[in-house]
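Chemist: Shown below is the structure under consideration.
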Amino acid sequence: MDKEKQRKLDELFEAFSVVAEGAYVYLCDMSEDISRWSKSAVNYFGLPGEYIENAGGIWEEHIHTDDRDDYHHSIDMIFSGKDSGHDMQYRAKTRDGNYVVCTCRGVVLRDAEGNPAYFGGAIKNHGIKSYVDTVTGLRSLYGFFEDLRAIFWKKDKSIILQLGISGFSNLNDVYGYSFGNRILQQLGRLVQKKFANVGAVYRMDGTKMVVISRTLCLDEVAERYSELQDAVSHDFYVDDELISLSLNAGLVVADNFDISDKTVYSCLKFAYSESKNRKLGDLVIFHDMLSHDNREVLEKINIIRNNVSENCNGFYLCYQPIMYATSEKLKGMEALVRWKNDTYGSVPPNQFIPVLEQDTLFPKLGKWILRQAMTDGLKFIEKYPDMVMNVNLSYAQMEKDGFIKEVLDLLEETGFPANNLCLEITERCRLLDMELLKDMVKIFRDNGIRIALDDFGTGYASLGILRELPVDTVKIDREYVKDVEKSKADQSTVRFISDLADAFSAEVCVEGVETEEMKDFLKQYKVSSLQGYYYSKPVPSEEFLKMDFVAG
Ligand code: C2E
Ligand code: CA
Ligand code: CA
């Protein structure tokens, strides 16, 4: 390149740089195809130098393969004189192999005769790859949180929809990982198309995606979701292969901005998990679940959530006796959590446990419950030395690293004997890795802690869990015994579950025993213990100690 041309290139380059405001600058002399690039871009992307021959081709190598066609087409149009600039977004690979999202604005400068002479512009780096998902090109979880915070900041009423695929790991197993990625890409595109101009789409963890819309109403979002469901269940091709996907979706309306964005996210995850686990993919709208006004529910959850971080302020435990079925003496009690404050009074666990289980804070509450139950339990032991304290566990605390040690440490810290403790798990634990669960149960039992399988039969995996895990007790849910004196179905269920438990050498506890007649009726089955309002409702520890049960 001759001196004069280089001087001109440098001069223009400096001029561009002045207005670039933190973006990388590039300028190409189109007759020579020599470009000058910002030093920072050269270092960041690992380009050959500040002056580059055929920079278009070299830069193209840095662009994500999925975005390359668009880029290539645009450069062709510019160099052939058909286009006078571009404004596009793509992912570009950095020196260390990560992708960043870039927006690139370029213009063509013409000479006196009107022929294209220079192509120059600015590339804005929107940051580290974590803001964009490299598989789908959608904004990522981090991008979602950033935008969610902005919504709260601006108090923009929005609808937030999370969707995801059921049984995706099977697809991965059958077709392979990279095909799995293409399914996600395709789905991402489809969702983007469905919400084009009315919603922003994000790729979350796993197969989940989120749409935030500030313009659509609930019914419109619901309609689009059902159209998506239709499309992916029988009209969805990936690499010419017909793939049938089943989707799940949860939705929350953000219309209350005095609460934390994390609360909204927990509620969203809860609605999604309900759709997936209970509603076979039907859209679950958060406030419908709890049958209250959306604002009030979110507010309550937000306060409860904050209370967890403030040393579990407002939480307390009630205890309900569990009696031996034959002697009707006290076997032990179950600890049941409550929360109360001045505005809302006493709130039952069904209104907050399922939502908090989706929250990263849950393990903190879980630990508080265990410690409190053990501390109260020491007083119960003085009166009833052989009693067994049942404490409910949630998969959200069990999945945390170090949970086993946490329980054993708490026993040591409080001095509560392991033999007096029974941990209640539910079939929802199947969400954990089965090997991990087996090890956990084995270690607990080796240490003398008992395990009960709660709510047996209410989920579809109860039998599977019973086959895999050695448990001491199977608890039959109240749902199945409500009408046991009259209903043949209830009778068969109790007989079936008690025979099944017996086959796996587990005892049976029946919950929800409300009357004397019911209690007497149940005695004909292989039932070892009973729990219910007939004996007592759950009461605070002082009250429990005032009742005089005969120790079993
Ligand atoms: P669950 O573990 O199945 O607890 C039994 C529920 O049945 C309790 O409701 C209890 O008050 C209620 N109950 C007991 N006897 C009778 C009866 O005779 N009639 C009727 N109608 N109900 C009876 P509660 O305390 O509202 O707890 C509901 C659920 O919340 C629990 O069901 C459990 O899944 C969850 N939960 C409660 N405490 C905790 C806890 O500390 N940790 C965890 N992870 N979950 C908890
Ligand atoms: Ca329980
Ligand atoms: Ca239960």
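Just so it is clear, none of the values below were taken in a lab; they were calculated from the coordinates. What you see is a predicted model, and the numbers here were worked out from it, not measured in a lab. Using ideal geometry, Cβ is built from the backbone for each residue, glycine included, and neighbour counts are taken over all protein chains shown.
Chemist: Once you order the gyration tensor axes a ≥ b ≥ c over the Cα atoms, which shape class does the chain get: rounded for a/c under 1.5, otherwise prolate or oblate by comparing a/b with b/c? Write down the numbers at each step before the final one.
Modeler: Working: a/c = 2.86, a/b = 2.59, b/c = 1.10.
Prolate, since a/c reaches 1.5 and a/b exceeds b/c.
Chemist: Along the Cα→Cβ direction, 7 angstrom out, place labels at ALA112 and GLU514. What is the inter-label distance in nm?
Modeler: Each label point is offset 7 Å from its Cα along the Cβ direction, giving 9.8 nm.
Chemist: Say the dipole of the chain comes from +1 at the beta carbon of Lys and Arg and -1 at that of Asp and Glu; which of VAL232, PRO349, THR426 then lies farthest toward its positive end?
Modeler: PRO349
Chemist: Give me the dipole magnitude in Debye, nearest 20, for the chain about the Cα centre, with unit charges on the beta carbon: positive for Lys and Arg, negative for Asp and Glu.
Modeler: In total the dipole reaches around 820 debye.
Chemist: Angle check, please: helix 294-309 long axis (alpha carbons) against the longest principal axis of the chain (alpha carbons), in degrees 0 to 90, nearest 10.
Modeler: The answer is roughly 80 degrees.
Chemist: Which far-off residues, 5 or more places away or on another chain, put their amide H under 5 Å from the one on THR426, with H placed in the peptide plane?
Modeler: The answer is ASP454.
Chemist: Show the residues, 5+ positions off or on another chain, whose built amide H is closer than 5 Å to the amide H of VAL539.
Modeler: Residues meeting the amide H criterion: TYR319, GLN320.
Chemist: Between ILE58 and THR458, what FRET efficiency follows from the Cβ-Cβ distance if R0 is 51 Å, with the result rounded to 0.05?
Modeler: 0.25
Chemist: Taking 7 Å along the Cα-to-C-beta vector as the label spot, tell me the LYS154-ASP255 distance in nanometres, rounded to one decimal.
Modeler: About 2.0 nm, to one decimal.
Chemist: Hey, what do the phi angles of region 19-29 turn into as Karplus ³J(HN,Hα) couplings, whole Hz, using 6.51/-1.76/1.60 and θ = phi - 60°, x for Gly and Pro?
Modeler: Going residue by residue, I get 9, 7, 6, x, 8, 6, 10, 9, 8, 10, 7 Hz, with x marking Gly and Pro.
Chemist: With θ set to phi - 60°, apply the Karplus curve 6.51 cos²θ - 1.76 cosθ + 1.60 along region 353-370 and write out the HN-Hα couplings as whole Hz, x wherever there is a Gly or Pro.
Modeler: For region 353-370, the Karplus curve yields 4, x, 6, 5, 4, 8, 9, 4, 6, 3, x, 5, 5, x, 5, 4, 4, 4 Hz.
Chemist: If packing is taken as the mean number of other Cβ atoms within 10 Å per residue, what is the order of 191-198, 545-552, 454-461, highest first?
Modeler: 454-461, 191-198, 545-552
Chemist: Let me ask something else. So what are the ³J(HN,Hα) numbers for region 465-473, from phi and the Karplus equation (6.51, -1.76, 1.60; θ = phi - 60°), rounded to whole Hz, Gly and Pro as x?
Modeler: My calculation for region 465-473 gives 5, 4, 5, 8, 10, x, 10, 7, 9 Hz in order.
Chemist: Would you work out if region 31-85 is rounded, prolate or oblate? Take a ≥ b ≥ c from the square roots of the eigenvalues of the alpha-carbon gyration tensor; rounded if a/c is under 1.5, else prolate when a/b is larger than b/c, oblate otherwise.
Modeler: oblate
Chemist: So how do 493-502, 250-259 stack up, highest first, on mean other-Cβ count within 10 Å?
Modeler: So the peptides 493-502, 250-259, ranked by packing, come out 250-259, 493-502.
Chemist: Take the Cα coordinates of region 128-289, assign each an equal point scatterer, and use the Debye formula without solvent to give log10 I(q)/I(0) at q = 0.08, 0.16 Å⁻¹.
Modeler: Taking Cα atoms of region 128-289 as identical point scatterers yields -0.21, -0.88.
Chemist: Percent relative contact order of the chain, based on C-alpha pairs within less than 8 angstrom and at least six residues apart? It would help to have the intermediate numbers written out before the result.
Modeler: Numbers: 928 pairs, mean separation 45.7, N = 552.
Once divided by the residue count of the chain, the mean separation gives 8 percent.
Chemist: What FRET efficiency comes out for ILE381 versus ASN172 if R0 is 41 angstrom and r is the Cβ-Cβ distance? Round to the nearest 0.05.
Modeler: 0.25
Chemist: Continuing with the same structure: With the crude spin-label approximation of a point 7 Å out along Cα→Cβ, what separation in nm comes out for TYR142 versus CYS217?
Modeler: That separation, rounded to one decimal, is 3.9 nm.
Chemist: Collect residues whose amide H, placed 1.01 Å from N in the peptide plane, falls under 5 Å from the amide H of GLY81; neighbours closer than 5 in sequence don't count.
Modeler: When sequence neighbours closer than 5 places are left aside, there are no close amide H contacts.
Chemist: Counting only DSSP beta bridges with both residues in the chain, what percent are antiparallel, rounded to the nearest 5?
Modeler: DSSP beta bridges in the chain are roughly 75 percent antiparallel.
Chemist: Next question. Starting with the highest mean, order 431-440, 369-378 by the number of other Cβ atoms within 10 Å, averaged over the residues of each peptide.
Modeler: Working: 431-440: 14.4, 369-378: 20.6.
Top to bottom by mean Cβ count within 10 Å: 369-378, 431-440.
Chemist: Estimate the FRET efficiency between ASN447 and ARG467 by the formula 1/(1 + (r/R0)^6), using the beta-carbon distance for r and 25 Å for R0, to the nearest 0.05.
Modeler: Details: r = 23 Å, r/R0 = 0.93.
With a Förster radius of 25 Å, E is 0.60.
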